[in-house]
Amino acid sequence: MRVSALFACAAVLFATGAQAKTVAVSAERLVDVATGKVTEKPLVIITDGRITAVGKQGDATPAGAESVNLPGVTLLPGLIDMHTHITSSPLFGGYNYLEKSDAYWAVVGTKNAKDTLAAGFTTIRNVGADFYDDVGLREAIEDGVVPGPRIVTAAYAIGATGGHCDSTFFPPSMAQVAPAVIDSPDEGRRMVRKLKKYGAQVIKICATGGVFSRGSEPGAQQLSLEEIKAIVDEAHMAGLKVAAHAHGAPGIKAAILGGVDTIEHVSLVDDEGIRLALQKGAYFGMDIYNTDYTQAEGKKNGVLEDNLRKDRDVGEIQRQNYAKALKAGVKMVYATDSGIYPHGDNAKQFAVMVRYGATPLQAIQSATVTAAQALGQEKDVGQVKVGAYGDLIGVTGDPLKDVTVLEHPAFVMKGGDVVKAPN
């Protein structure tokens, strides 16, 4: 039936004059990330960028299909990183970024996008960029101008005056104010409308202080519950989900009570915050790898000592709280904060998740099926299934036993196009 439906689709395309590109991908095995079931000798058919059949080698393939054979390779769906800063670089900490012009970062983003895609992350959610650079990069990728993953863009992150998402590194004489600063519920609503107008596909808020900002502590709440509720209400009315940067327990709880969809960082969550997440169905995105990089390389990259101090203070606590929330059953999405560490190293977090209590399958699910659900894109990404985009990665080894094999994918495909092939 699958093959008959595929040929019927091809006949319609032929009749209308369209030329359908069909690819038949065969491999050693395929992991069903929803169940952990492994299929031996799979065959995946992709037509015009979407999967039209998932079967086994020996099944009929459409005439003229391009064949991609991957002996010894295990297939999984393309990975999803829910917390990136694609136009940022970890090599510029503190004030070092002022050495470059504003336009520099848009160009940096094109390299980062290429590296991220080659690392097997075919979808990312970018939760903060200046000058709408992530929106422009998304448009360039969609038009085929530059290679990169599918990007869900937030543009600017909304924050309070003097807060984590304001510009706090300069004296009053320079009058630096971040473009998405708000100080009332009405201003929050207005900012959501503005960001959507200029290309935001998700709304990011800064509910607490942060690690790599100046003049704030991670635990301090910086948006009121009323402001959060207004932003969430406006975003949801517009069909947009909301992500909240929230390290401290009060801000985490306010974000959950305010209806935020995903809580980012979640470093200092308490038992009540975990209970509320379970009750309200909020997702946690905990970036538990990047402290390894920032503590090793941050000083050399110009990160200020006060920022490194905050990073040290919350790093291990965040990891322990990840283990606690995971054990309690909170829904976890894969969220790395890439840009704080080098893009392309996104998969290094899998091993840390397993070290702190996740099974390999749970860690993989956080970057596939669960992340797709949090995005509201489960029909398109996160699984190898009929109707989804033809986004695949292939690894040598068994990712259900050793997640580190995901750090070096042998094969990457996006929308039926080979991005990386085995040597």
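The values are calculated or read from the model by the stated rules, or taken from the named source; none is laboratory data. Everything numeric in this text was worked out from a predicted model, so none of it was measured. When we count neighbours, we look across all protein chains shown, and the Cβ atoms used for this are built from the backbone with ideal geometry, even at glycine. Side chains included, ligands, DNA and RNA excluded: accessible areas come from the protein's heavy atoms. Shrake-Rupley method; radii C 1.70, N 1.55, O 1.52, S 1.80 Å.
Tabulated results
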read-out: Meets criteria (over 27 Å from Ala328 (Cα atoms) and polar (S, T, N, Q)) for Ser267; value: no
read-out: Check on Asp133, in contact with a Phe, Trp or Tyr (Cβ under 7 Å, 6 or more places away or on another chain) and without any contact (Cβ under 8 Å) to a residue 40 or more places away in the chain; value: no
read-out: Residue that is nearest to Met82 (Cα to Cα), among those in the range 355-384 that are in contact with a Pro (Cβ under 6 Å, 6 or more places away or on another chain) and open to solvent by 20 Å² or more (accessible area, probe 1.4 Å); value: Gln383
read-out: Residue match in the range 211-221 (condition: aliphatic (A, V, I, L, M) and in contact with an Asp or Glu (Cβ under 7 Å, 6 or more places away or on another chain)); value: yes
read-out: Checklist (1) farther than 22 Å from Pro409 by Cα; (2) open to solvent by 40 Å² or more (accessible area, probe 1.4 Å) applied to Lys111, failing item; value: (1)
read-out: Output for the range 136-163, where each listed residue is within 17 Å of Asn126 (Cβ to Cβ) and of a type outside the set (A, V, I, L, M); value: Gly136, Arg138, Glu139, Glu142, Pro147, Gly148, Pro149, Arg150, Thr153, Tyr156, Gly159
read-out: Sole residue being within 30 Å of Tyr389 (Cβ to Cβ), aromatic (Phe, Trp, Tyr) and in contact (Cβ under 8 Å) with a residue 60 or more places away in the chain, chosen from Phe92, Phe169, Phe121; value: Phe121
read-out: Inter-residue pairs, beta-carbon under 7 Å, first in a loop (DSSP other than H, G, I, E, B) and in the range 387-410, second hydrophobic (A, V, I, L, M, F, W, C) and open to solvent by 30 Å² or more (accessible area, probe 1.4 Å), 6+ apart; value: Leu400/Leu361
read-out: Evaluation of Gly136 against (1) within 30 Å of Gly415 (Cβ to Cβ); (2) more than 24 Å from the chain's Cα centre (by Cα) (one fails), failing number; value: (2)
read-out: Test for Tyr322: is it out of contact with any Lys or Arg (no Cβ under 9 Å at 6 or more places or on another chain), closer than 26 Å to Gly219 by Cα, among the aromatic types (Phe, Trp, Tyr) and in contact (Cβ under 8 Å) with a residue 60 or more places away in the chain; value: no
read-out: Qualifying position, being surrounded by 21 or more Cβ atoms within 10 Å (Cβ to Cβ) and either more than 21 Å from Ile151 (Cβ to Cβ) or touching a Ser or Thr at 6+ places or on another chain (Cβ under 7 Å) (or both), among Asn346, Asn423; value: Asn346
read-out: Filter result for Gly390 (under 20 Å from the mean Cα position of the chain (by Cα) and either modelled with pLDDT of 95 or more or crowded, with 17+ Cβ neighbours inside 10 Å (or both)); value: yes
read-out: Test: residue in the range 90-99 that is within 30 Å of Phe170 (Cβ to Cβ), of a type in the set (A, V, I, L, M) and open to solvent by less than 50 Å² (accessible area, probe 1.4 Å); value: no
read-out: Condition met for Arg150 (within 26 Å of Gly298 (Cα to Cα), among the charged types (D, E, K, R), crowded, with 16+ Cβ neighbours inside 10 Å and in contact (Cβ under 8 Å) with a residue 60 or more places away in the chain); value: no
read-out: Residue that is in a strand (DSSP E or B), charged (D, E, K, R) and open to solvent by less than 20 Å² (accessible area, probe 1.4 Å), where the choices are Asp134, Asp81; value: Asp81
read-out: Residues satisfying the stated conditions in the range 53-63, i.e. open to solvent by 80 Å² or more (accessible area, probe 1.4 Å) and either basic (Lys, Arg) or in contact (Cβ under 8 Å) with a residue 24 or more places away in the chain (or both); value: Lys56, Gln57
read-out: Ala220 being over 29 Å from Gly376 (Cα atoms) and of a type in the set (A, V, I, L, M); value: yes
read-out: Entirely in the range 216-309, the strands (runs of 3 or more DSSP E) that have 2 or more residues that are over 24 Å from Pro90 (Cα atoms) and without any contact (Cβ under 8 Å) to a residue 24 or more places away in the chain; value: none
read-out: Residue that is nearest to Ala246 (Cα to Cα) [pool: residues in the range 171-195 that are in contact with a strand residue (DSSP E or B) (Cβ under 8 Å, 6 or more places away or on another chain) and part of a helix (DSSP H, G or I)]; value: Gly188
read-out: Some residue of the range 182-192 being touching an Asp or Glu at 6+ places or on another chain (Cβ under 6 Å) and open to solvent by 20 Å² or more (accessible area, probe 1.4 Å); value: yes
read-out: Single residue of the range 196-210 satisfying the filter (open to solvent by less than 10 Å² (accessible area, probe 1.4 Å) and in a loop (DSSP other than H, G, I, E, B)) that is nearest to Gln318 (Cα to Cα); value: Gly210
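For every residue, the table says whether it meets (1) open to solvent by 20 Å² or more (accessible area, probe 1.4 Å); (2) on the phi < 0 side of the Ramachandran plot.
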| site | (1), (2) |
| --- | --- |
| Ala244 | no, yes |
| Gly248 | no, yes |
| Val266 | no, no |
| Arg275 | yes, yes |
| Ala282 | no, yes |
| Asn290 | no, yes |
